[in-house]
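The values are calculated or read from the model by the stated rules, or taken from the named source; none is laboratory data. Predicted, not measured: the structure shown is a model, and the values here were computed from it. Because the Cβ atoms are built from the backbone with ideal geometry, glycine has one as well, and the counts that use them run over all protein chains shown.
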Amino acid sequence: MLQLLRTEWLKIKNYTAFVVIGAFFVIGVPAVNYIAYLFKKNVVDAADQLGILSTSSFFGFPKVWLTISYFSGWLLLLPALLLLILLTNEFTYRTNRQNIIDGWSREQFLHVKVVMALIFAVASTVMVVLTALIFGFATGSSFSLSGFENVGLFLFKAFSYNMIAIVIGLLVRRTGFAIAVFFIYTVLENAIALWLYSWAVKLKKDNGVDMGDMGNYLPMNASDGLLYSPFEAITKMARGLPVDRFWLVFCCAVFYLLLFYWVSRNRIVKSDL
């Protein structure tokens, strides 16, 4: 596997898209969280006369692990998009065929892409950890690992996004078309998720049945639902809105992750190169 990964690195290290998208993500993680910090401090805190939702509380330890993980999740489309471009380029430039000719099995070709998806997810998570440490210490709060499990959920979410990119890349194969499908699917699923959430709100209001946010039972939104806004739980409880059952959403996310791998494997093993 190390030799395969070394080959992958040689393919991408000087690739412009890799450098540009990677730079956007590295800069974007602290930037988007700083914007969230300023908004919270200058807008939300101004309206919160009682100080219930203090900025230092949410951007200091231990809540900073959840806060930074949540807002950084908005940028996970970037590494997934990069992985999608890199994968579809394999088919565009026939490097996938050359790899097979050089002795790779189809399973090895898939598995090295899955490992790359995991590496991208780990690299994204490292950025989240570093950003959380910066904000946590900058607020003057005492270091704490309480809530660090949210960073693990971010890692899971990042890997899930990357696996969705692999599935779409293997099914579509053409770079431009695959990118379009990726974004159209993202918009479409979020639209359906919004409708399902409205339905869940109606069910709870009219019948007293709490089905949770049913939009989080969809493939991409399942991993999204693992990381909630640090202000969301308070808002939902106050308004009597549907509240998610974490383990149900987590099981859905794991199921979809296994499904992504199964679909990818069947596609690469049974299709023409």
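Conditions: (1) farther than 30 Å from Cys251 by Cβ; (2) touching a Gly at 6+ places or on another chain (Cβ under 7 Å). Leu84 meets all but one. Number of the miss?
The failed condition is (1).
Among the numbered criteria (1) closer than 26 Å to Trp65 by Cα; (2) modelled with pLDDT under 95; (3) not aliphatic (A, V, I, L, M), which single criterion is violated by Phe154?
(2)
List, please: which pairs have Cβ atoms under 9 Å, are six or more places apart or on different chains, and start with a residue in region 25-43 that is crowded, with 18+ Cβ neighbours inside 10 Å and end with one that is modelled with pLDDT of 90 or more and not in a helix (DSSP H, G or I)?
So the pair list comes out as Phe25/Leu76.
Just to be sure I understand, how many residues within region 169-219 are within 24 Å of Val254 (Cβ to Cβ) and either more than 21 Å from the chain's Cα centre (by Cα) or assigned to a loop (DSSP other than H, G, I, E, B) (or both)?
Total meeting the criteria: 6.
If we keep just the residues of region 191-222 that are of a type in the set (Gly, Ala, Ser) and touching a Leu at 6+ places or on another chain (Cβ under 8 Å), which is modelled with the lowest pLDDT?
So the first thing to find is which residues in region 191-222 are of a type in the set (Gly, Ala, Ser), and the list is 191, 193, 198, 200, 208, 212, 215, 222.
Remaining after also requiring touching a Leu at 6+ places or on another chain (Cβ under 8 Å): 193, 212, 215.
Values: Ala193: 93, Gly212: 76, Gly215: 87.
Applying the filter and picking the extreme gives Gly212.
Of the conditions (1) modelled with pLDDT of 90 or more; (2) in a helix (DSSP H, G or I); (3) of a type outside the set (Ser, Thr, Tyr), Leu145 fails just one. Which one is it?
Every condition holds for Leu145 apart from (2).
Under the condition of being modelled with pLDDT of 90 or more and surrounded by fewer than 17 Cβ atoms within 10 Å (Cβ to Cβ), which residue from region 78-118 is farthest from the chain's Cα centre (by Cα)?
Within region 78-118, the match that is farthest from the chain's Cα centre (by Cα) is Val115.
Please verify whether Phe39 is at pLDDT 90 or above and among the hydrophobic types (A, V, I, L, M, F, W, C), treating the condition exactly as stated.
Values: at pLDDT 90 or above: no; among the hydrophobic types (A, V, I, L, M, F, W, C): yes.
It is false that Phe39 is at pLDDT 90 or above and among the hydrophobic types (A, V, I, L, M, F, W, C).
Report yes if some residue within region 46-54 is small (Gly, Ala, Ser), closer than 23 Å to Phe255 by Cβ and part of a helix (DSSP H, G or I); otherwise report no. Talk me through it step by step, then tell me what you get.
Initially, region 46-54 is screened for residues small (Gly, Ala, Ser), giving 46-47, 51, 54.
Those left that are additionally closer than 23 Å to Phe255 by Cβ: none.
Checked against the condition, which is being small (Gly, Ala, Ser), closer than 23 Å to Phe255 by Cβ and part of a helix (DSSP H, G or I), region 46-54 yields no hits at all.
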